[in-house]
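What follows is a set of notes on a single structure, which appears directly below.
Each reported figure results from applying straightforward, stated rules to the coordinates on display, with no laboratory input. Please read these numbers as outputs of a predicted model, since none were measured by experiment.
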Amino acid sequence: MLSFEEKLAIADSFPELERKNVSMKRVNYHYEESMFDKKTVVYHLHPNGNGFVYAGYLTGYDVDDRGMVNIRDMSAEEIRTIIEASIRSLTWKGVRRATGSVEASDATTPDTAQEVIEERWTNAKNQSLELKLEDEDQMWYIFAGEDLDTVFESYEEAAEYLTEEGFVRAAD
């Protein structure tokens, strides 16, 4: 297990993260440029080695009910990788990469009024829903085939709804 100081050094190496000391010698790191209300990337990093990284929009990680992954026993490379992925997942660039539907760019907002970002979500019954952002009104639409299921004002709300309904984001 890496020491607290080693984990701090890894998190400190990301200039886009802002360090916040919290109670009981714990440290959080925030990504203030997040496109979501969610800004905490590293949560409650503690001298005992415990700590969490936000992976609520990532696939392939065992997350808790807050979307956090425990990094206590991760290697330095694993911690760097999950922090990088977490930061990306909180940006437009990250949404583009995750969906594969739009070319990635360095912009932090959609480039054109016609841009559509799409994701496919599936459940254990092999049913699938499509989550789409249409830039002209900045609303997230959930479709069952060609039928509109529901609409949300934020990706976070839509993803929470889909998760509560037993869906997970399908791998590319």
* **Residues with amide H under 5 Å from that of Asp149, placed H, sequence gap 5 or more** => Ile142, Phe143, Ala144
* Asked: So what J values fall out for the range 73-84 if you push phi through Karplus, 6.51 cos²θ - 1.76 cosθ + 1.60 with θ = phi - 60°, rounded to Hz, Gly and Pro as x?
  -> 9, 7, 6, 4, 5, 5, 5, 4, 4, 5, 5, 4
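Please say if the range 4-89 is rounded, prolate or oblate, where rounded means a/c under 1.5 for a ≥ b ≥ c the square roots of the C-alpha gyration tensor eigenvalues, and otherwise the choice is prolate for a/b larger than b/c and oblate otherwise?
Working: a/c = 1.37, a/b = 1.16, b/c = 1.18.
It is rounded, given that a/c, with a ≥ b ≥ c, falls under 1.5.
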